[in-house]
Amino acid sequence: MTAFVPVRAWVAFALLLLVAAGLQTSLAPRLLLLGSQPDFVFAVVIAGALLADAATGAMLGFAGGLVSAALVGDTVGTLLVSRTLAGFAAGQVGARLFRTSALVIVAGAALAFLVAAGTFALCAPAVFARNGTGPAVGSVVVGLFWNALLVFPITLLLRRLGWGPGEPA
Amino acid sequence: MAYGRRSQARLEMLGRGSDRGRARARAPFVALVVTLALGLCLGALHNRARARGRSDVVLTGVRTALLPVQTATARTGALASRDTSGWQWPWAGRALAKENARLRAEVSRLTLASQQLRADADEAARLRTLAGFGARQRRGAPLVAPVVGLPASPLFDTLTLGRGARGGLKEGQVVRTPEGLVGQISQADPFSATVLLLSDPNSGVSAYVVRPGESRPRGVGIAQGQGRNWPLRLDYLRGTDDVRPGDRVVSSGLGGVVPADISIGIVVSVTEDKPRALKTATVRPDADAHLARELLVLP
């Protein structure tokens, strides 16, 4: 499957990413649940990667990691690597399995989130489990819930905005 | 290399039977390797810049680009929640008038209190001179900075201020609310700054335990964060220190970074580590920076 995305869809995606960054520091912290909060930037990136291919997914993951690292200001390399790998994984799912079905989208988002969380835990274990292993695992479980909730509607929105696989020029 | 007919057909279907097909199959992995390498380089450059006390140009640029969006969403959120519960925001005008009246009364009260404090400070300075102590260096008036971003990740407790180096903020400056100490500026970009909150596990400040009415502190320790919505931990109290729940914790001023006597919190519980002859206190912080719209930065 070739992912050819028109320029206007890239512009729409970039704007959506900006809005997600704004919401990440205003709305997301108010939705803290069992040590986890929604990650709007990650959700937008993964939704875009699921509709594209692995190469595009890796680049989107990198872009999302850069935005997250700028907002957080710490563990920059770890965030970039974990988000790039997550975008790549989501892109692989999108390239091989994609259907506009909630199950595939949610499963793809869950896989991408687990890749990101697992990479982060491996690269920065002291940060990941700073309050103990139990709370860390709990935050991953709740994080899966947040991602599942966010990625599906964002995927549908991106499709409406023209983002997705198409015919090459 | 010769393949059987079925294998050849399968290879052609997969697109790997040709050079173009092989290149296409390799493309995602090439993209992955390039982006990973770029990410590792940026991470290493960031760590190097921070170790030298400089700001990371790439992240500073990204943060500056994101600042207008953060400010807009922060203001929208503030308008929706300003002293109006839930769905009353269309009548924000009435709520704003009420808040203005309350703030005017508060200003009057604080002006009177400030005058009294100024008089007390003058008397303390005179007494200090009489006793032969040197004059304490006066700090300038605190700078007010709006909060435009709350913690973006549950693993890091930082805030973004909508004022940066061009507005007089510098790395290391202490940040507080009228209620007490909140944290320190960890990074100052040209137009924004990042505050490392006291509740972040990377944060620590030297603190005294004091009891109202007593002139000498009951103990000295390091107040450390344990994460958002977790109490602070006051470590390295001596086992012989008489610290009890209800005692106040204030900044000690030791080290010269954080001024003395800024309120940190109240002791909630004390646990003993008898083998090491130490005590640890759990402290409920006085100030909650996550609810503040503006913070005070001490110059």
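Looking at segment A:62-72, which of its residues are open to solvent by 20 Å² or more (accessible area, probe 1.4 Å) and at the interface with chain B (Cβ under 7 Å from one of its Cβ atoms)?
Hits for segment A:62-72 are A:Phe62, A:Leu66.
I'm told A:Leu17 meets every condition in (1) among the aliphatic types (A, V, I, L, M); (2) open to solvent by 10 Å² or more (accessible area, probe 1.4 Å); (3) at the interface with chain B (Cβ under 7 Å from one of its Cβ atoms) except one. Can you identify the failing condition by its number?
All conditions are met except number (3).
Taking only segment B:167-184 into account, find how many residues are buried (at least 24 other Cβ atoms within 10 Å of the Cβ) and within 14 Å of another protein chain (Cβ to nearest Cβ).
Residues meeting the conditions: 1.
Looking only at strands (runs of 3 or more DSSP E) that fall completely inside segment B:251-298, which ones have 2 or more residues that are touching a Cys at 6+ places or on another chain (Cβ under 6 Å)?
Strands (runs of 3 or more DSSP E) meeting the threshold: none at all.
Got a sec? Which of B:Arg26, B:Arg48 is more than 25 Å from A:Gln92 (Cα to Cα), among the basic types (Lys, Arg) and more than 9 Å from every other protein chain (Cβ to nearest Cβ)?
B:Arg48
Of the residues A:Thr155, A:Thr133, only one is open to solvent by 30 Å² or more (accessible area, probe 1.4 Å) and at negative phi; which?
A:Thr133
Please state which of the following conditions A:Ala52 fails to meet, knowing it meets all the rest: (1) hydrophobic (A, V, I, L, M, F, W, C); (2) within 8 Å of another protein chain (Cβ to nearest Cβ); (3) part of a loop (DSSP other than H, G, I, E, B).
Going through the list (1) hydrophobic (A, V, I, L, M, F, W, C); (2) within 8 Å of another protein chain (Cβ to nearest Cβ); (3) part of a loop (DSSP other than H, G, I, E, B), A:Ala52 breaks only (2).
Which of the residues spanning segment A:73-90 are more than 7 Å from chain B (Cβ to nearest Cβ), within 12 Å of the chain's Cα centre (by Cα) and not hydrophobic (A, V, I, L, M, F, W, C)?
A:Ser82, A:Arg83, A:Gly87
For segment B:154-166, which residues satisfy the criterion of being touching a helix residue (DSSP H, G or I) at 6+ places or on another chain (Cβ under 9 Å) and either under 11 Å from B:Pro299 (Cα atoms) or open to solvent by 20 Å² or more (accessible area, probe 1.4 Å) (or both)?
B:Pro154, B:Leu155, B:Gly162
Tally time: how many residues in segment B:240-259 are among the small types (Gly, Ala, Ser), buried (at least 20 other Cβ atoms within 10 Å of the Cβ) and under 18 Å from B:Ile185 (Cα atoms)?
Selection size over segment B:240-259: 1.
Take segment B:202-225 and flag every residue that is assigned to a loop (DSSP other than H, G, I, E, B), closer than 19 Å to B:Val174 by Cα and either more than 14 Å from chain A (Cβ to nearest Cβ) or open to solvent by less than 40 Å² (accessible area, probe 1.4 Å) (or both).
Selection gives B:Ser203, B:Gly225.
Between residues in segment B:276-287 that are open to solvent by 40 Å² or more (accessible area, probe 1.4 Å) and residues that are of a type in the set (Ser, Thr, Tyr) and assigned to a loop (DSSP other than H, G, I, E, B), which pairs lie under 8 Å by C-beta distance while being six or more apart or on different chains?
B:Ala277/B:Thr240; B:Pro285/B:Ser199
Going through segment B:77-99 one residue at a time, which ones are within 17 Å of B:Glu294 (Cβ to Cβ) and at pLDDT below 80?
If the condition is that a residue be within 17 Å of B:Glu294 (Cβ to Cβ) and at pLDDT below 80, then B:Gly77, B:Ala78, B:Leu79, B:Ser81, B:Arg82, B:Asp83, B:Leu96 are the ones that fit.
Yes or no, residue by residue, for (1) within 19 Å of B:Ala260 (Cα to Cα); (2) assigned to a loop (DSSP other than H, G, I, E, B):
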{"site": "B:Val148", "(1), (2)": "no, no"}
{"site": "B:Pro151", "(1), (2)": "no, yes"}
{"site": "B:Leu169", "(1), (2)": "no, yes"}
{"site": "B:Gly172", "(1), (2)": "yes, yes"}
{"site": "B:Pro178", "(1), (2)": "yes, yes"}
{"site": "B:Val182", "(1), (2)": "yes, no"}
{"site": "B:Ser186", "(1), (2)": "no, no"}
{"site": "B:Thr194", "(1), (2)": "no, no"}
{"site": "B:Asp200", "(1), (2)": "no, yes"}
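The values are calculated or read from the model by the stated rules, or taken from the named source; none is laboratory data. Here the structure is a predicted model, which is why all the values come from computation and not from measurement. Methodologically, a virtual Cβ is constructed for each residue, glycine included, from the backbone with ideal geometry; neighbour enumeration extends over all protein chains shown. What goes into the accessible areas is simple: the full protein's heavy atoms, side chains included, and nothing from ligands, DNA or RNA. Shrake-Rupley method; radii C 1.70, N 1.55, O 1.52, S 1.80 Å.
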